[in-house]
Amino acid sequence: MNPICPLEGCSVGISISASEDLHGRSLDLETVNRAVLQIAEVLLGAGANLVFGHDWRPGGVMQAIAGMAVRYHHRFSARTELPVRILNLVAPPDVPWLRREEHEAEAMSARLRGLVEARQIAFQGDPDREAGRANALSALRRELTACCHARICLGGTLDERKYKGWHPGIVEEGFFALKVAQPVYAGSLFGGAAAQLVRALRQGHGSFQPRRFEGNITHPEVLMLPAIPHEGNGLNEQEQRLLEETESLEQFTELSFRGLVRWWREARIRNI
């Protein structure tokens with residue numbers, strides 16, 4: 001293992017977004033953005049690749065993260081499973097901003113070539129209808145999982161008026177990761193979907209029913225969540241409980257990083 005870049009070659013999915021619980025915890029969207037930036041910088045600095053399931057916005061958080069990737073680029077070797085440091089995937093009908101035929105987007109894409117890739121996933125169906133859009137989002141999250149080794153989860157809306165999939169996005173992303181035995185680092189810091197994920201995992205079982213759209217249209221899959229073995233994500237039992245319960249972003253970041261480095265070291269030995 002490279003001691004300077006202990007997560008070299010490890011692709012980490014970032015599932016962090018606002019929830020309805022923020023206000024009650026005296027938190028706001030700025031805190032959520034700070035969490036994304038802080039965790040991204042720690043991971044990029046350790047050589048990890050980052051995987052996101054949402055679009056790029058000029059002048060936003062993703063542009064700041066791309067700047068970090070540029071700064072850390074000289075520390076990475078050529079060995080990586082992803083061709084880029086940051087991968088952004090979106091589901092139809094969304095089109096990645098970096099792929100649009102606009103001068104600003106084309107110029108930014110050229111500057112970030114080799115560091116950032118943004119693309120729309122392939123999907124067979126009609127994403128303009130509610131159920132089709134939900135199916136497209138599930139397909140996106142499965143592809144995200146296939147591109148990752150591990151996932152970090154904080155926050156996430158539980159309001160059906162806000163999320164467009166069959167399930168809350170962070171719930172689905174966490175479930176798909178667990179289903180293929182990827183380590184998940186989830187906390188209750190921002191409440192929301194990640195906190196529900198934590199409660200289900202702590203109980204050792206849990207299920208999430210799919211929503212119903214107009215016309216009583218629903219989906220046959222019920223998400224059944226397995227527990228995360230503490231030894232399966234690099235954290236011991238005490239560390240796992242702290243990760244789940246901490247109210248400190250710094251502590252959550254440090255524990256997630258600690259677990260990832262331990263897990264990745266063992267995974268490389270086992271050639272996962």
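Throughout, read-outs are computed from the coordinates displayed, never taken from laboratory work. As the structure is a prediction and not an experimental result, all values here were calculated from the model. With ideal geometry, Cβ positions are generated from the backbone for all residues, glycine too; neighbour counts draw on all protein chains shown.
If R0 is 30 Å, the Cβ-Cβ spacing of Ile4 and Ser248 corresponds to a FRET efficiency of close to 0.70. Applying 1/(1 + (r/R0)^6) with R0 = 51 Å to the Cβ-Cβ distance of Ala181 and Gln63 gives a FRET efficiency near 0.90. Once the gyration tensor of the Cα atoms in the chain is diagonalised, the equivalent ellipsoid follows with semi-axes of 26, 25, 18 Å, ordered largest first. Legend: calculated FRET efficiency, His73 to Gln124, from the Cβ-Cβ distance at R0 = 41 Å, rounded to 0.05, equals 0.65. For Cys148, Cys153, the sequence from fewest to most other C-beta atoms within 10 Å is Cys148, Cys153.
Each residue, Val95 and Arg212, gets one label point 7 Å from its Cα in the Cβ direction; the gap between the two is 3.7 nm.
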